[in-house]
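**Q** I am attaching a structure below and will ask some questions about it afterwards.
The values are calculated or read from the model by the stated rules, or taken from the named source; none is laboratory data. Computed from a prediction, not measured in an experiment: that's the story for all the values here. Cβ sites come from the backbone with ideal geometry, for glycine too, and all protein chains shown count toward neighbours. Accessible surface areas use protein heavy atoms only, side chains included; no ligands, DNA or RNA. Shrake-Rupley method; radii C 1.70, N 1.55, O 1.52, S 1.80 Å.
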Amino acid sequence: MNLNDLNPQQRKAVELVGGPILIFAGAGSGKTRVLTHKIAYLVQEAGLPAEHILAVTFTNKAANEMKHRVSELLQMDISTMSVGTFHSISAKILRREIHQLGYSNNFVIYDTDDSRAMIKKVIRDLNLDEKTFVPKGVQAQISKAKNQLISPQLCADTAEGFRDEKTAEIYMQYQEDLQKSNALDFDDLLLKPLQLFKEHPHRLEFYQNQFQYVLVDEYQDTNRPQFEFVYTLSQGHRDICVVGDDDQSIYSWRGADVNNILNFEEAFGDASIIKLEQNYRSTKTILECAWSVVSRNSSRAEKKLWTDNDEGEKVSILDCVDERDEGWQILKSIRHESHKRDKSFSDMVILYRTNAQSRVVEDALRREGIPYQIIGGRKFYDRKEIKDVLAYLRLIMNPSDSVSFDRIVNFPPRGIGKTTLEKIHSVAGNNKMTYLAVLDEMERLSVGPKQQKALHEFNQLIHKFKSAYQKENIISITTDLLLDIDLKSYFMNQNTQEALERWANVEELVNSIADFTENRDAAGLSDFLEEVSLLTDIDRWNESDEAVTLMTIHSAKGLEFPVVMVAGLEEGLFPLGNSLYEKEEMEEERRLFYVALTRAEKKAYLSFAHARRRFGGAPMPAAPSRFLSELPDELIEENTGKPSYAPVNITRNVPAAVSKPGELITTGKEVEHKIFGKGRVIAVDGVGDTAKLTVVFSGNVRKKLIAKYANLKPVKKAISH
């Protein structure tokens, strides 16, 4: 095959075969090109059959692009090759193997909402207070435990105090209820293959023989279960190649461990390490600015991107009065790029640290008629009406699915109330039955004739389609189901615009099922439900749409745009407030800034506001992000034009509190508390001694205090930024 279009380091990475290989691939250094050429090289030059290659990445979009490029390079069918996300590859293994772990192979995958609904039910079943054990918080704790490979039993054995003990109890009951429902959550998709390999060594041996060469994309984003997965599979042959960039490790909040890439050689032993440092995307100016910030991190491999591209324009700093002025200055910059530089709207992206920041930017774009699309809004498959129909399909496929049962037993309304549902739960729990099985033995339920009739009809409906789903295609099942439950009339009879839109969404769901079946050979209901559950916003993003894109920086990783605008570069916002005292968190915020800036090909804008409203209160003063001061002065230009409207008076209405007579406490102040020690005020709600202060103390301890009683002492030492 022709490798002449690769640079020397890229070619070396492609041709090197045998033993563990780590490729440090900086932003815009041709990572995907190297990966796809390497896969093609393994097949064409090394003679490895395609079915013995496993390539894993983090998004369906990346996996599909990889398949397409490899297919073009080889000019052959690669359908036998295993290319996909960690979750999809794991799901594929479990569809074949999970019966060995006590599940049925027709298991369903619970999304975040389904998982939380089950946790909420467990908390109620254990007679615990939802205000003390908040379902969302407990869900996060369970997910964190799973990402650290901590089992429910280990969680119970290491519990300290009442809260930990009860959380472990919730975790244990939650896992039991998941298995009763023949369901897995997203974390279980990664854990169950590890359990399979441990408990059934012969199946591990099968997959080690099956996957004779393992490739991992975005290796810096792997968590512990993902590391264990690829480590275990490659342990025998040690033929593993990972590609990543520690400077782009930005997902520690969901379990990613940057040490997986930094300690690769230590883990795998005798590894070859190659650095791809030539950037093909950005200007010299953009790369130098990005490096000047990320290079201040101590936990990173030594490397520096370089490019043969032009020097490029300076990075523009938008100095804004407040967030409304920021929205208008971003709008003005979009107009400038569109009219003066002939850039299309699809060439531009606006990035922000938190989703809430999009609102003021949206307002400005909407008023001026600028088309835009948001990545990270409510996803199509997360809409209530879509989840309701999907719940029917999931229950038809998996009659043990308790969450789907609860969701649809009274949708459309059948007169099944909370009391009836509780009786079903009680009988099922006492007799170790599924909820549907309870309906098969109606005499166990002491409910009225109206409820009996409704439950009987619902049960017959599910059984009817359960027997049909193995024989009929998904389109027939779905359309017949919608007719049987008369969902169209349910929405139309409401006679509201919202109801009409909900029915239109259901029709669009049917279209999506049709598209799925047309593009897949022998695609079944379980295949469709699995794909839907693993979709992300980025997978549905259409980059050809003529519109400005808005998204969080986390969502933008892996993408590139000619023009990038990063909003909200203020202390406490970017870097985010809870990262101000922890070294590891601050280093991740710095990496996040690096990712944001290296999305830009030609031009970058960075904006900050001197004041910003929080929680609907008065504008609060803000300090420019330390990242701005870490940029080379000669490579930036500051735009400090007059605001596009009359700003609010932020000098007269600055929220401030008096902790002691004569001592003013404002946002950004460094303070000291006799118990909690030193901290920084990140929010002031109200004025005077009744103001509520939010303070982050050392060790990332966050406290809300009333100014009058806080007894805070301002630290005289100036705060460095």
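**Q** Among Ile386, Ile374, which is under 27 Å from the mean Cα position of the chain (by Cα), closer than 30 Å to Phe465 by Cβ and not aromatic (Phe, Trp, Tyr)?
**A** Going through Ile386, Ile374 in turn, just one is under 27 Å from the mean Cα position of the chain (by Cα), closer than 30 Å to Phe465 by Cβ and not aromatic (Phe, Trp, Tyr): Ile386.
**Q** Looking at this structure, is Lys38 among the basic types (Lys, Arg), within 21 Å of Gln220 (Cβ to Cβ) and under 23 Å from the mean Cα position of the chain (by Cα)?
**A** no
**Q** Without any contact (Cβ under 8 Å) to a residue 60 or more places away in the chain and open to solvent by 30 Å² or more (accessible area, probe 1.4 Å): which single residue out of Arg324, Arg335 fits that description? Quick ask: steps written out before the conclusion?
**A** Values: Arg324 fails: without any contact (Cβ under 8 Å) to a residue 60 or more places away in the chain.
The unique qualifying residue is Arg335.
**Q** Here's something else I'd like to know. Residues that are in contact with a helix residue (DSSP H, G or I) (Cβ under 7 Å, 6 or more places away or on another chain), at least 2 per element: which helices (runs of 4 or more DSSP H) completely within segment 239-301 meet that?
**A** Passing ranges, in order: 259-262, 284-294.
**Q** Let me ask you something else. Show me the strands (runs of 3 or more DSSP E) entirely contained within segment 652-721 in which 2 or more residues are modelled with pLDDT under 70 and not basic (Lys, Arg). Let's see the steps before the verdict.
**A** Values: elements: 657-660, 663-665, 670-673, 677-685, 692-697, 701-706.
Where strands (runs of 3 or more DSSP E) fall fully within segment 652-721 and carry at least 2 residues being modelled with pLDDT under 70 and not basic (Lys, Arg), they are 657-660, 663-665.
**Q** Right, next: Hey, Ile150 hits all of (1) assigned to a loop (DSSP other than H, G, I, E, B); (2) closer than 28 Å to Asp388 by Cα but one; which does it fall short on?
**A** That leaves (2) as the condition not met.
**Q** Moving on to the next point. Every residue in segment 556-591 that is under 16 Å from Ile375 (Cβ atoms) and modelled with pLDDT of 90 or more, please.
**A** The answer is Ala556, Leu559, Glu560, Phe561, Val564, Met565, Val566, Ala567.
**Q** Confirm whether Leu22 is touching a strand residue (DSSP E or B) at 6+ places or on another chain (Cβ under 7 Å) and assigned to a strand (DSSP E or B).
**A** So Leu22 fits the description; yes.
**Q** Look through segment 30-57, keep the residues that are touching a helix residue (DSSP H, G or I) at 6+ places or on another chain (Cβ under 8 Å) and of a type in the set (Gly, Ala, Ser), and return whichever of them is nearest to Tyr280 (Cα to Cα).
**A** Only one residue tops the list, namely Gly30.
**Q** State whether the residues of segment 285-295 include one that is in contact (Cβ under 8 Å) with a residue 40 or more places away in the chain, under 21 Å from Leu215 (Cβ atoms) and open to solvent by less than 10 Å² (accessible area, probe 1.4 Å).
**A** no
**Q** To continue, here is another question. When you go through Leu42, Leu54, Leu73 one by one, which is the residue that is open to solvent by less than 30 Å² (accessible area, probe 1.4 Å), in contact (Cβ under 8 Å) with a residue 60 or more places away in the chain and in a helix (DSSP H, G or I)?
**A** Leu42
**Q** Is it true that Val122 is in contact (Cβ under 8 Å) with a residue 24 or more places away in the chain, within 21 Å of Leu436 (Cβ to Cβ), crowded, with 16+ Cβ neighbours inside 10 Å and of a type outside the set (S, T, N, Q)? Working first, answer last.
**A** On the way: in contact (Cβ under 8 Å) with a residue 24 or more places away in the chain: yes; within 21 Å of Leu436 (Cβ to Cβ): yes; crowded, with 16+ Cβ neighbours inside 10 Å: yes; of a type outside the set (S, T, N, Q): yes.
Spelling it out, Val122 is indeed in contact (Cβ under 8 Å) with a residue 24 or more places away in the chain, within 21 Å of Leu436 (Cβ to Cβ), crowded, with 16+ Cβ neighbours inside 10 Å and of a type outside the set (S, T, N, Q).
**Q** Among the residues of segment 410-433, is there at least one that is closer than 28 Å to Arg502 by Cβ, in a strand (DSSP E or B) and modelled with pLDDT under 90?
**A** Taking every residue of segment 410-433 in turn, none turns out to be closer than 28 Å to Arg502 by Cβ, in a strand (DSSP E or B) and modelled with pLDDT under 90.
**Q** From the list Ile78, Ile98, which one is touching a helix residue (DSSP H, G or I) at 6+ places or on another chain (Cβ under 8 Å), of a type in the set (A, V, I, L, M, F, W, C), in contact (Cβ under 8 Å) with a residue 12 or more places away in the chain and assigned to a loop (DSSP other than H, G, I, E, B)?
**A** On the way: Ile98 fails: assigned to a loop (DSSP other than H, G, I, E, B).
None of the other options fit; the residue is Ile78.
**Q** Quick one: in segment 339-354, of everything that is hydrophobic (A, V, I, L, M, F, W, C) and part of a strand (DSSP E or B), which residue is farthest from the chain's Cα centre (by Cα)?
**A** Met348
**Q** For Ala454, indicate whether it is under 12 Å from Leu393 (Cα atoms) and more than 30 Å from the chain's Cα centre (by Cα).
**A** The answer is no for Ala454.
**Q** If we scan segment 58-65, do we find a residue that is in contact (Cβ under 8 Å) with a residue 40 or more places away in the chain, open to solvent by 10 Å² or more (accessible area, probe 1.4 Å), over 20 Å from Asp111 (Cβ atoms) and more than 18 Å from the chain's Cα centre (by Cα)?
**A** Scanning segment 58-65 turns up no residue that is in contact (Cβ under 8 Å) with a residue 40 or more places away in the chain, open to solvent by 10 Å² or more (accessible area, probe 1.4 Å), over 20 Å from Asp111 (Cβ atoms) and more than 18 Å from the chain's Cα centre (by Cα).
**Q** Still on this structure, I have one more. Could you check segment 370-388 and list, in sequence order, the residues that are at pLDDT below 80, open to solvent by less than 40 Å² (accessible area, probe 1.4 Å) and within 20 Å of Ile109 (Cβ to Cβ)?
**A** Residues satisfying the conditions are Phe380, Tyr381, Asp382.
**Q** Could you list, ordered by first residue, the pairs with Cβ atoms under 6 Å in which the first is in segment 223-238 and farther than 13 Å from Leu194 by Cβ and open to solvent by less than 10 Å² (accessible area, probe 1.4 Å) and the second is modelled with pLDDT of 95 or more and aliphatic (A, V, I, L, M), at least 6 apart or interchain?
**A** Once the first residue is farther than 13 Å from Leu194 by Cβ and open to solvent by less than 10 Å² (accessible area, probe 1.4 Å) and sits in segment 223-238, its partners that are modelled with pLDDT of 95 or more and aliphatic (A, V, I, L, M) give Ser234/Val214; Ser234/Ile240.
**Q** Could you check how many residues of segment 119-142 are in a loop (DSSP other than H, G, I, E, B) and touching a Ser or Thr at 6+ places or on another chain (Cβ under 9 Å)? Let's see the steps before the verdict.
**A** Keep residues of segment 119-142 that are in a loop (DSSP other than H, G, I, E, B), which gives 126-134.
Those still in the list that are touching a Ser or Thr at 6+ places or on another chain (Cβ under 9 Å) too: 133.
Selection size over segment 119-142: 1.
**Q** Among the residues of segment 195-206, which ones are within 30 Å of Tyr41 (Cβ to Cβ) and buried (at least 19 other Cβ atoms within 10 Å of the Cβ)?
**A** Across segment 195-206, the qualifying residues are Phe197, Leu204.
**Q** (1) at pLDDT 90 or above; (2) open to solvent by 20 Å² or more (accessible area, probe 1.4 Å); (3) assigned to a loop (DSSP other than H, G, I, E, B): which one isn't true of Asp406, the others all being true?
**A** (3)
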